[in-house]
Amino acid sequence: MALVILSPCIDVKDGTCTEVCPVDCIYEGERMFYIHPTECIECSLCESICPVDAIRYDDEVSPADTRFLKLNGDPFRNADGELDQPGGWSRGDTPLKDPAAIRDFPAAGKILPNASR
Ligand code: F3S
């Protein structure tokens, strides 16, 4: 089990969560941060401090957000699909490449062409 970051982080990237994480398992991506699924020690300090309430335990993620369970791990997967162990994030590290689903995620406030009003 681990904690996961959900869509409210996208384009916000407040970063306060990284300041309280005791194992530096929260990594910056291009549009959001990601919690490494196996480096996380489940202390939940990040969950309590995120100003946009973007962090959940993986077993508390709503059905609408279950794709974020995989998406939090995807930036760490190597060509064989296995999780790399980067060993901790530091401010100034090059942001990880976002998975396509995050790259294509609508910007906050943007209305999708097919969205009902
Ligand atoms: Fe994102 Fe919240 Fe952390 S906005 S960077 S999950 S404090």
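The values are calculated or read from the model by the stated rules, or taken from the named source; none is laboratory data. Just so it is clear, the structure is predicted and the values come from calculations on it, not from any experiment. All accessible areas refer to the heavy atoms of the entire protein, side chains included, with ligands and DNA or RNA removed. Shrake-Rupley method; radii C 1.70, N 1.55, O 1.52, S 1.80 Å.
Quick one: among Asp80, Asp65, Asp93, which has the greatest mean-square fluctuation in a GNM of the chain with alpha-carbon springs under 10 angstrom?
Of Asp80, Asp65, Asp93, the most mobile in the Gaussian network model is Asp80.
Quick one, what does Rg over Rh come out to for the chain if you take C-alpha atoms and the Kirkwood Rh?
With Rh from the inverse mean 1/r over Cα pairs, Rg/Rh is 0.96.
What value, in deg cm²/dmol to 500, does the helix sum -39500 (n - 2.57) over DSSP H runs of n ≥ 4 give at 222 nm once divided by the residues of the chain? Don't skip to the answer; put the middle values down first.
Working: 4 runs with 21 residues, N = 117.
Helix contribution divided over all residues of the chain: -3500 deg cm²/dmol.
Ignoring ligands, DNA and RNA, what accessible area per residue does region 3-103 give at 1.4 Å, in Å²? It would help to have the intermediate numbers written out before the result.
Numbers: 5150 Å² over 101 residues.
Normalised by residue count, the accessible surface of region 3-103 is 51 Å².
When the accessible area of the chain is computed with all protein chains present and a 1.4 Å probe, what percentage of it is carbon and sulfur?
In the chain, the share of accessible area belonging to carbon and sulfur is 50 percent.
Can you tell me the relative contact order of region 3-103? Whole percent, Cα pairs under 8 Å, sequence separation 6 or more. Mind dumping the intermediate values first?
Numbers: 155 pairs, mean separation 36.5, N = 101.
That works out to 36 percent.
Taking N as the number of residues in region 3-68, what is its Cα Rg relative to 2.2 N^0.38 Å? Mind dumping the intermediate values first?
Values: Rg = 10.6 Å, N = 66, 2.2 N^0.38 = 10.8 Å.
So the Cα radius of gyration is 0.98 times the expected 2.2 N^0.38 Å.
Out of all DSSP beta bridges with both ends in region 3-103, state the antiparallel percent to the nearest 5.
Close to 90 percent.
Quick one: length gained pulling Asp59 to Ala100 fully straight, 0.36 nm per residue minus the C-alpha distance?
12.4 nm
In square angstrom, rounded to the nearest 10, how much accessible surface does Ser48 have for a 1.4 Å probe?
Its heavy atoms expose roughly 90 Å² to the probe.
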